Amino acid sequence: MAGAAHCSLQAKRLLLDPKFEGYKLSLEPLACYQLGLDAAVAEVQLRDDQYTLDHMRAFGMYNYLHLDSWYQDNVYYVDQFGRVMNLSVTLDTALQKPREVFRLPADLTAYDDRLCASIHFSSPTLVTLSDGTGRLYLIKSGQRGNSASEKWEIVFNEELGSPFIIAHSVSFLKSDTHSLAVLLLRVEKDELDTKGSGFHVTLEWVTIAEISKEGDHRYEIIKRKVLQGKSVPHYAAIETSGDGLMIVSHKPFKFMDSEKLEENDDAKVLNEKKDPLYYWQQTEDDVTITVHLPQDITKDDIKVRFSPDNLSVTLRDQPPLMEGKLYSSVDHESCTWIIKENKSLEISLIKKNEGPRWPELIVGDTRGEFIMDSSQCSEIAESLMHLTSEVMNPNPEKEKPPCNAQELEECDAFLEDGASLCRFDSDTLKVTHIINLGSNQYLFSVVVNPREMPCFCLRHDVDALLWQPHSDQPENMWEHIATFNALGYVQASKQDKKFMACAPDYSYAALCECLRRVFIYRQPTPLSTVLYNRKEGRQVGQVAKQLVATLEASDPILGFQATNERLFVLTTKTLFLIKVNSGN
């Protein structure tokens, strides 16, 4: 990933509430409606050979309910007869039965190795559909959610190899040609992986374009690219322009077409890894730098320039050997250099601020190596002794108590602290931006605006922050647009959680367990009555409510979607609607 810009996510302080006091359990009743399904949802159980965690994440935890973000309160699912069923809600008290809008041509029961059918809504009139057997359909749907104008018609279908699910799709115009980019997810056997799970994950990026030949319009595949990684991505979405791809994953992905290119780059990097250009040491007062000199260099060939914040070392008329901003200021008038007997240049820098250790010499320069003397090693080891002692608390009088992992709460432990967010360029097939997410645990994704990329929600400390990618704004590529206070902490305590979601207007977040229970967390709202915090003796201005709904169902929850007004919950034989907010 050489050449990739290392970025960071910048939270907006105005969207954070450091004084948030927690959720108050509300007993207000939630209107819950249920619709019995004519046929069961086409759930596909994991086979015996789909035993890895990646299989479970990709297919075992699949959300069988699909929200059409282009139209309000419009959801779809596929039933066991291969029918795509739709429910469009305008009035909760006058709900219609889900209606069939399309039927898959293939008899799905004839395939032993199929996956679940998957749907993605690419535009207001285009749908991508997979039947789970390895065939991709592109469908013109008309205006969806309206039985009078909605008519699903296949305009492209092709066998694309082994079974897949659709991770994302986007429709765009490029050079006056209508194109569609689709991202296909597979978990495939890896014969070369003898030490790991024996499987790898692929993301195939397929571009389909509308071709006009002699007045005949048809769609054809014009490009296929494959990325490979060792973990199922948490988030994978194509930019609205089709020029890039963003992936949040625990382990890195790379394009297979560029594998040789990457190997050549790695080889170059390895060849360039020679001995350090310089060595440096430090005390509380000064820094000493040692540079090995070529045999034919004399004192007259050396130019060393000191300034309060910069250092430059030049040999003869060559480009500077060392140059750049120092980590901290120095007393440049007291700095000196000499040539030692072993033909090495020794430079002494006098620190302006005594005491603090420098983590680096020249900012951003990794060509040097820091050498720590034995006294410094002993000092650091002693300062860390309280963290590694075999005795629980060897000296309780000391201010620093030992670190006891058992005292950490469960929600403070992150299994996936190596997750990263990468942006790939469609032309170069290389990573252009990378963010190390560290302990910012991925929670869920949501489409706030269907004309933008999906947002993703990450845990930041105890909160959950929602981020909107802007591929067309390099200086603001990931914008913090909303905060769900303490949700990062709260969701960690829900051991049986299966799906998480939030309203596109951020008015609430919700999660459901594998069976029955749904938890709703509203944003803080002003109080109509006066409420006091007795401990602090002050008036409370607003309160955030938690609501709990228990569904009358014994079947496991298979799908979960949130709109501004409602939650849709799908089980094997029932579709539930929970009215969360009243419409304007």
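The values are calculated or read from the model by the stated rules, or taken from the named source; none is laboratory data. Everything quoted here is computed from the prediction, not taken from an experiment. With ideal geometry, Cβ positions are generated from the backbone for all residues, glycine too; neighbour counts draw on all protein chains shown. The accessibility values were calculated without ligands, DNA or RNA, using every heavy atom of the protein model including side chains. Shrake-Rupley method; radii C 1.70, N 1.55, O 1.52, S 1.80 Å.
Dividing the mean sequence gap of close Cα pairs (under 8 Å, 6+ apart) by how many residues the chain holds gives a relative contact order of 13 percent. Sorted on the mean count of surrounding Cβ atoms within 10 Å across their residues, most packed first, peptides 195-202, 171-178 read 195-202, 171-178. Summing Lys and Arg as +1 and Asp and Glu as -1 over all other residues whose Cβ lies under 9 Å from the Cβ of G145 gives a net charge of -2. Before anything else, pin down the relative contact order of region 3-91: Cα pairs under 8 Å, at least 6 apart, normalised by residue count, whole percent. Taking the mean separation of contacting Cα pairs over the length of region 3-91, I get 20 percent.
Our coupling estimate for region 347-361, obtained by passing each phi through the Karplus curve with A = 6.51, B = -1.76, C = 1.60 and θ = phi - 60°, is 10, 10, 10, 9, 5, 6, 10, 5, x, x, 6, 8, x, 8, 8 Hz, Gly and Pro reported as x.
The local environment of K545, defined by Cβ-Cβ distances under 10 Å, has a net charge of +1 under the rule Lys, Arg +1 and Asp, Glu -1. How charged is the neighbourhood of H332? Take every other residue with its Cβ under 11 Å from the Cβ of H332, and add Lys/Arg as +1 and Asp/Glu as -1. That sum, taken over residues with Cβ under 11 Å, equals -1. Over the chain, DSSP H runs of length four or greater, each weighted -39,500 (n - 2.57), average out per residue to a 222 nm ellipticity of -1500 deg cm²/dmol. Here the mean projected area of the convex hull built on the C-alpha positions of the chain is 38.0 nm².
A simple packing score, the average count of other Cβ atoms within 10 Å per residue, orders the peptides 489-496, 434-441 as 434-441, 489-496, with the highest score first. Listed values for region 543-557 are Karplus-derived 3J(HN,Hα) couplings in whole Hz (6.51 cos²θ - 1.76 cosθ + 1.60, θ = phi - 60°), namely 9, 9, 9, 10, 10, 10, 10, 10, 7, 8, 8, 9, 7, x, 6, and x replaces Gly and Pro. Taking square-rooted eigenvalues a ≥ b ≥ c of the alpha carbon gyration tensor, is region 1-146 rounded, prolate or oblate, where a/c under 1.5 means rounded and, failing that, a/b exceeding b/c means prolate? Judged from the Cα gyration tensor, region 1-146 comes out oblate (a/c at least 1.5, b/c at or above a/b). The long axis of helix 374-383 is offset from the longest Cα principal axis of the chain by roughly 40 degrees.
Can you grab the distance from the C-alpha centre of region 142-177 to the C-alpha centre of region 187-251, Å, no decimals? Rounded to whole Å, the Cα centres lie 16 Å apart. Accessible surface computed residue by residue for region 278-366, with neighbouring protein chains in place and a 1.4 Å probe, gives 59 Å² per residue.
If you model region 114-235 as an ellipsoid using its alpha carbon gyration tensor, with each semi-axis the square root of five times an eigenvalue, the axes come out at 30, 17, 12 Å, biggest first. Rounded to the nearest whole Hz, the Karplus-based 3J(HN,Hα) values (6.51 cos²θ - 1.76 cosθ + 1.60, θ = phi - 60°) of region 73-90 follow the sequence 6, 10, 10, 9, 8, 10, 9, 5, 8, x, 8, 8, 9, 10, 10, 10, 10, 10, with x at glycine and proline. Near V155, the amide H atoms lying under 5 Å from its own belong to L138, I139, K140; only residues 5 or more places off or on other chains count, and H is placed 1.01 Å from N.
Identify the trypsin sites (Lys or Arg not before Pro) of region 108-155 meeting these criteria: DSSP loop state and at most 15 other C-beta atoms within 10 Å of the C-beta. In loop regions of region 108-155 (DSSP not H, G, I, E or B), the sparsely surrounded trypsin sites (Lys or Arg not before Pro) are K151.
Largest accessible area first, the listed residues E284, E360 line up as E284, E360 when surface is computed with a 1.4 Å probe on the assembled protein chains.
Could you work out the percent of alpha carbon pairs in region 455-527 separated by over 21 Å, rounded to a whole number? So the pairs more than 21 Å apart make up 31 percent of the total in region 455-527. Just so you know, the Cα atoms of region 420-470 work out to an Rg and Dmax of 12.5, 39 Å. The value of relative contact order for region 278-366, using C-alpha pairs under 8 Å at least six residues apart, is 32 percent.
Restrict the search to region 1-109; then list the trypsin sites (Lys or Arg not before Pro) that DSSP places in a loop and that have at most 15 other Cβ atoms within 10 Å of their Cβ. Filter output for region 1-109: K12, K19, R47. Averaging Cα coordinates gives a centre for region 502-521 and one for region 414-468; these two points are 20 Å apart. How far is helix 259-272 tilted off the main Cα axis of the chain, in degrees rounded to 10, range 0 to 90? Between helix and principal axis, roughly 10 degrees. Scaled against 2.2 N^0.38 Å for its residue count N, the alpha carbon radius of gyration of region 278-366 is 1.05.
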